[in-house]
Amino acid sequence: MTDSDKNNIQPDKNLPLAGDIEKDNEPMPPEAVGRGKSLKYKNINITNAAYIVAFIVSLPIILIAAGFIWPETKTIPVKGATTADWAENSFWFEPWGSSKTHKGIDIFAKKGTDLLSSVDGFVWKVGNWKKAGKHIFIIGPKWRIHYYAHLDSILVSKQQWVRSGQKIGTVGNSGNAKGKPAHLHYTIKTLYPRPWAATNETHGSRKKYYLDPHIFLTQ
Ligand SMILES: [Zn+2]
């Protein structure tokens with residue numbers, strides 16, 4: 001820095017002057033408290049703060065809305081399958097073993113057939129459970145969770161984005177489907193209740209969180 005540069009340095013008008021800092025450290029006059037004067041007194045820009053707060057508060061709303069705007073492009077989740085490969089009335093069929101009611105449909109296919117994502121989505125989790133066998137949960141448009149079970153193989157990993165129609169695994173008979181014909185168990189769950197979908201059937205009150213995959217895939 002040259003001497004001429006030093007001479008050109010102007011005091012920054014935005015920085016508080018020594019006098020202001022001293023003033024800030026003074027106790028607040030009692031009449032300023034409770035009249036909205038305190039924020040001005042401390043030189044905080046209330047307008048910017050309000051915008052930041054409004055943005056943070058509206059983020060979840062924007063995110064939720066985005067989920068509903070996201071187009072729901074549908075694919076039958078088993079390659080080559082048609083409505084002939086599952087039973088139309090299989091959803092909420094009872095009795096259904098220890099589950100009591102069948103909260104999805106079973107799409108039958110040869111073991112090793114391509115499992116396709118039925119929607120664009122985000123892989124929430126994958127795993128292997130005793131009853132479900134190898135399974136995948138995908139969060140898709142409208143905050144619907146697409147669940148695929150009894151898989152032979154899983155070809156995606158957690159926190160991965162997938163497109164509708166993308167191969168995500170293969171159909172199998174893992175879990176409690178072992179020894180039975182290979183099929184995809186497919187469930188669609190919603191993250192929010194749809195009270196109008198509740199019925200008086202067994203587990204009928206839970207039905208507000210489930211969609212009939214047959215109706216979903218054919219409409
Ligand atoms: Zn099933």
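The values are calculated or read from the model by the stated rules, or taken from the named source; none is laboratory data. Predicted, not measured: the structure shown is a model, and the values here were computed from it. Ideal geometry is used to build each Cβ from the backbone, glycine not excepted, and the neighbour counts take in all protein chains shown.
A few comments on the model shown:
- Matching option when the condition is in contact with an Asp or Glu (Cβ under 9 Å, 6 or more places away or on another chain) and outside any helix (DSSP H, G or I), among 111, 125, 103, 142: 111
- If you filter segment 146-168 down to residues that are in a strand (DSSP E or B) and either away from the ligand (no atom under 16 Å from the Cβ) or not assigned by TED's automatic domain parsing to the domain that holds residue 211 (or both), you find that the one that is surrounded by the most Cβ atoms within 10 Å (Cβ to Cβ) is 168.
- When restricted to residues that are of a type outside the set (A, V, I, L, M) and under 27 Å from residue 61 (Cβ atoms), segment 127-146 contains 7.
- In segment 188-203 there is at least one residue that is buried (at least 17 other Cβ atoms within 10 Å of the Cβ) and touching a Gly at 6+ places or on another chain (Cβ under 8 Å).
- Residues (without any contact (Cβ under 8 Å) to a residue 12 or more places away in the chain and away from the ligand (no atom under 14 Å from the Cβ)) located in segment 82-107: 82, 84
- Any hit, segment 108-128, residues being within 14 Å of the ligand (Cβ to nearest atom), surrounded by fewer than 20 Cβ atoms within 10 Å (Cβ to Cβ) and basic (Lys, Arg): no
- Residue check, residue 209 under 19 Å from the mean Cα position of the chain (by Cα) and closer than 15 Å to residue 77 by Cα: no
- Residue in segment 187-200 that is more than 16 Å from the ligand (Cβ to nearest atom), assigned by TED's automatic domain parsing to the domain that holds residue 127, in contact (Cβ under 8 Å) with a residue 12 or more places away in the chain and closer than 16 Å to residue 115 by Cα present: no
Residues are listed down the side, and each one gets a yes or a no for (1) in contact with a Phe, Trp or Tyr (Cβ under 6 Å, 6 or more places away or on another chain); (2) closer than 15 Å to residue 213 by Cβ:
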{"position": "92", "(1), (2)": "no, yes"}
{"position": "102", "(1), (2)": "yes, yes"}
{"position": "112", "(1), (2)": "no, no"}
{"position": "120", "(1), (2)": "no, no"}
{"position": "123", "(1), (2)": "no, no"}
{"position": "126", "(1), (2)": "no, no"}
